[in-house]
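None of the figures in this text is laboratory data; all of them are computed from the coordinates on show. Since we're looking at a predicted model, the values are computed, not measured. Counting neighbours? That spans all protein chains shown, and the Cβs are built from the backbone with ideal geometry, glycine included.
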Amino acid sequence: MLEINNLTLEFADRVLFQGVNFQLFPGHCYGLVGANGTGKSTLLKILTGQTQEYSGQVNWPKHASLGYLRQDHFAFENCRIIDTVIQGRPKLWEARLVQDELSRKPQMDLLDAERYAEAEDTIIQLDGYSAESDAARLLDGLGIPTELHEQQLKTLSGGYKLRVLMAQLLFSQPEMLLLDEPTNHLDIFSIKWLEEHLRSFPGLLIVVSHDREFLNAVCSHILDIDYGTIRMYTGNYDAFLAAKELAQDQTERAIANQEEKKKDMQAFISRFKANASWASQAQSRVKKLEKMEDIQVIPSSRRYPTFEFKPNVTSGRIPLAVQGLSKSFEDKQVIRNLDIEIERGDRLAVIGPNGVGKSTLLKIMMELLSPDSGSVIWGHEARPGYFPQDYHDLLTGNQTCFDWLYGFDATAPVGQIRNLLGRMLFSGDDVKNKLTILSGGEATRLIFAKLMLEPSNVLLLDEPTNHLDLEAIDMLTDALAKYTGTLILVSHNRYFVSRVATRILEVKPQGFLDYKGTYAEYLEKYGTDHLSRDVSLKERTVLSKQTETAKSEKRAEKQAASPALSGKEAYEAQKALKRKRQQLEKKLPAFEKACQNLEALLAQTVDAGKKADLESEYEAALVVWREAQNELASLV
């Protein structure tokens, strides 16, 4: 059990929270939420002993092991990736090194034999003989394929190094685990794996995350930093929101009732204070009114950016048309013969598996890339605004936020620029911050300030929620739902797409599907959920009951059409079928793992030639896997 007593945290002249008391227990996951700058990461540093700048008491159980993600991959650069993970258990790693050292000796003396035996005992106690397979399982789950496990850590990119450190942390099997934004460097498949892994974690778990689905999937409680304190709510993130809203409503009603009561008492006093027969009662009410304490409401620390997109002109009925569009990168075709007319007022979500060209399509629309064939035709009075997924090229140089934004419209009044920055939460001296020091969330909001400064009647947004916190995502969702122009967006955020999109363009390797309706309606009709974590990244097709029924009927027809076999022939046929099923059931996991490993390699490969070769290999592996699945299904 972790016990917090009278904890207070101050920053400069501001109290972030004070007098906080709570107890946290093993077997539960606590999601730590709050506005940016309210002390979430600092609280984790307090709990891990990295800072002493607080007052109060933090009482951990004696001898309890504590794990948190240390971004110190430089210490392991020259280590094998699999070894980096195993070093998560230092005693086990030391014992392995001792055995390795002693086994190289041509002859061991008595002391060496004793050391070897002690190391053997340690390895057995710490399940050391399954260490490599356990570490490999963690790496696979986090998207590091088997082919890379023997390589040195320095061969990986920064994001994948952090995945290895995450595997190291999970391998250490701490009794208490603290995670700060654990999903930041993970793809959807790895996030799903991490959710399942954490749900079975037996110890005490605390996570900080801006991912609503992740918090809903893993949390049993929410710790909310707001109103100058930390309150605990039972349930996941959605349950917390409902409970907090109910508490706010109750407080507002209590304040309203108190004000009404004061008003009635004051009216009675004013009416009867001069009346001798009622004077004592009036005086009694005066005393009650004086003793009545106002309900104190501390302002919320939540900060909500104000997004508002107003087209200054109305576009034509068809602001954008795409005709016969195709695009390839060397031997890999990502867009194939796409035809679509986007109508004024459409809110089009472009979805599909990774690597099919969703971002490429938006870049072609914005004339940042040229198609191999086909055309993009902008309609009458169409004025596009673009939010790129990789926005870093937009925010270069040593400018301040104010100067950068002002540079897009030097005729704009200074007050208008400051107002836009203020709505994006750049207040006071924040407008003087250099572009080079902005966080991902700040950079995202600054680009949205630019989009509001330059009114557009067609917005193209490529993964706009990646660096926004939960409050900002909600506000952006509301603003885009009210937007009167035309919207084209790419996003992996299911919550966001479900609430904004009114039309779906599914881009597939073989072509495309244009569906006029919401994402929920699209799912109901086609069942292909490219944004869900509850399905594999490779096979996202959720079979409907009708499909299952059709398969059953087809199998029944085949059986009915087959000639009757004799007893011995039927027995031998059943044995052959059983052997075939068993063979396929053994092969399928290997086929699936091969696909996962190739997909992970694709995600981190930059070289275009190597990428094309990997994509061909990946497609071939998918075909083998699907054929095996279909064959197994036909034998059931």
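Annotation: region 68-196 has a Kirkwood hydrodynamic radius of 15.6 angstrom, from the mean reciprocal C-alpha pair distance. Fraction of C-alpha pairs exceeding 19 angstrom in region 297-429: 65 percent, rounded to a whole number. Using Cβ point charges alone (K and R +1, D and E -1), the dipole size of the chain about the Cα centre works out to roughly 1840 debye.
Work out the charge dipole of region 69-193 with +1 on the Cβ of Lys and Arg and -1 on the Cβ of Asp and Glu about the Cα centre, then indicate which of Ile144, Thr84, Ile123 is farthest towards its positive end. Comparing the listed Cα positions along the dipole, Ile144 ranks first. Ordering Leu348, Asn337, Met366 by the projection of their Cα atoms onto the charge dipole of region 329-376, which places +1 on the Cβ of Lys and Arg and -1 on the Cβ of Asp and Glu, puts Leu348 at the extreme positive end.
Rounded to the nearest 0.05, what FRET efficiency do Lys610 and Lys432 have when you use their Cβ-Cβ distance and R0 = 45 Å? Working from the Cβ atoms, E equals 0.50.
Of Lys434/Lys516; Lys358/Lys610; Lys332/Lys482; Lys580/Lys610; Lys434/Lys508, which ones are farther than 32 Å apart at the Cα? Exceeds cut-off: Lys434/Lys516; Lys332/Lys482; Lys580/Lys610; Lys434/Lys508. Taking amide hydrogens as placed 1.01 Å from N in the peptide plane, the amide H of Leu489 sits under 5 Å from those of Leu348, Ala349, Val350, Leu461, each at least 5 positions away in sequence or on another chain. The gain in end-to-end length when the Trp93 to Glu114 segment is fully stretched comes to 5.8 nm, 0.36 nm per residue minus the alpha carbon separation. Across region 498-509, rounded Karplus estimates of 3J(HN,Hα) from the backbone phi angles (6.51 cos²θ - 1.76 cosθ + 1.60, θ = phi - 60°) give 4, 9, 10, 6, 10, 8, 10, 10, 8, 8, 10, x Hz, Gly and Pro being marked x. How many percent of all Cα-Cα pairs in the chain sit more than 37 Å apart? Cα-Cα pairs in the chain separated by more than 37 Å: 52 percent. Where only DSSP H runs of four or more residues are counted, the chain gives -14500 deg cm²/dmol as its mean residue ellipticity at 222 nm, each run worth -39500 (n - 2.57).
Counting only residues at least eight positions apart within a chain, or on another chain, the aspartates and glutamates with an alpha carbon under 16 Å from that of Lys273 are Asp264, Glu290. Can you give me the long-range amide H partners of Gln389? Hydrogens built in the peptide plane at 1.01 Å from N, cutoff under 5 Å, separation of 5 or more residues or another chain. For Gln389, whose amide H was placed from the backbone, the distant partners under 5 Å are Asp462. Annotation: Cα Rg of region 174-310 relative to the compact-globule expectation 2.2 N^0.38 Å equals 1.73. Which value in Å does the Kirkwood hydrodynamic radius of region 1-120 take, with 1/r averaged over all unlike C-alpha pairs and then inverted? Every distinct Cα pair counted, the radius reaches 18.4 Å.
Under Stokes-Einstein, with the Kirkwood radius over Cα pairs standing in for Rh, what whole-number D in µm²/s applies to region 412-485 at 10 °C and 1.306 mPa s? Reported coefficient: 120 µm²/s. Ranking Asn21, Val414, Met265 by how far each Cα lies toward the positive end of the dipole of the chain (charges on Cβ) leaves Met265 at the top.
Each Lys and Arg contributes +1 and each Asp and Glu -1, all at the Cβ; summed about the Cα centre of region 96-237, the dipole is approximately 400 debye.
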